[in-house]
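Take a look at the structure set out below.
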Amino acid sequence: MASRSIWPFKLQGFSEMIEQAYSYGFKGYWRLVILFASLCLVGAFFLSAWIHLGNQFFVVKAITDYKLVGTDAAIFLAALLPIVHLLLALMLLNHRWRQFGAELASALLLCYVFAQLSVLFRGNQVGCGCFGFEDSPIGLWTISRTSLLFVMAGTIALAYRKSLRP
């Protein structure tokens with residue numbers, strides 16, 4: 001008799017991906033890459049959502065420091081972005097929503113990369129604000145980290161689009 005889970009989102013694909021990856025050769029390695037990238041993104045988005053939901057004032061300050069939007073838009077984004085991050089993490093956990101979640105995550109992370117590059121090229125000394133507790137100035141490290149997350153999300157989206165589905 002199969003047990004039923006109270007968790008509404010099935011973690012479809014993760015355990016099966018690991019078991020089947022070794023039997024598929026090259027495509028199996030891609031399955032492991034997709035699994036690793038998915039788990040990294042889920043962790044990053046959950047962490048970001050958790051920290052930003054707990055410290056809305058910091059998020060508003062971080063967004064206004066970028067000087068890309070006004071105060072009213074910063075307040076709106078500070079309320080919206082943690083919810084978006086949480087939804088993206090849940091979408092990346094669910095096999096049926098993983099491709100769409102990866103595409104949305106790619107778009108959002110690309111916006112973050114452009115925002116960080118904008119601050120860097122203008123010569124501003126702004127704290128990243130990515131994970132709340134971190135106030136390191138935007139530089140090569142923060143842009144590289146955000147770009148790596150973008151590449152991970154893009155890899156997942158392309159793998160699903162190219163039928164390398166796990």
Can you find a residue in the range 68-88 that is under 20 Å from Ser38 (Cβ atoms) and polar (S, T, N, Q)? no
Give me the pairs, please: first residue somewhere in the range 102-125 and more than 19 Å from Pro82 (Cβ to Cβ), second residue anywhere and of a type in the set (S, T, N, Q) and surrounded by 18 or more Cβ atoms within 10 Å (Cβ to Cβ), beta-carbon distance under 7 Å, and either six or more positions apart or on two chains. Val113/Thr146
Top-ranked residue of the range 46-57 - restricted to ones that are of a type in the set (Phe, Trp, Tyr) and either modelled with pLDDT of 90 or more or touching a His at 6+ places or on another chain (Cβ under 8 Å) (or both), ranked as surrounded by the most Cβ atoms within 10 Å (Cβ to Cβ): Phe46
Of the residues that sit in the range 62-83 and are part of a helix (DSSP H, G or I) and either touching a residue at least 60 places away in the same chain (Cβ under 8 Å) or in contact with a Leu (Cβ under 7 Å, 6 or more places away or on another chain) (or both), which one is farthest from Val126 (Cα to Cα)? Pro82
Which condition number in (1) at pLDDT 90 or above; (2) surrounded by fewer than 17 Cβ atoms within 10 Å (Cβ to Cβ) is the one that Tyr24 fails? (1)
May I ask you to say which residue of Gly43, Gly70 is closer than 22 Å to Phe150 by Cβ and surrounded by fewer than 17 Cβ atoms within 10 Å (Cβ to Cβ)? Gly43
Here is a list: Ala115, Ala157, Ala105. Which entry is among the aliphatic types (A, V, I, L, M), crowded, with 22+ Cβ neighbours inside 10 Å, modelled with pLDDT of 85 or more and part of a helix (DSSP H, G or I)? Ala105
Residue under evaluation Leu80, criteria (1) more than 16 Å from the chain's Cα centre (by Cα); (2) under 21 Å from Val119 (Cβ atoms), criterion not met: (1)
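The values are calculated or read from the model by the stated rules, or taken from the named source; none is laboratory data. All figures in this text were calculated on a predicted structure; none of them were measured in a lab. Virtual Cβ from ideal backbone geometry, glycine too; neighbours counted across all protein chains shown.
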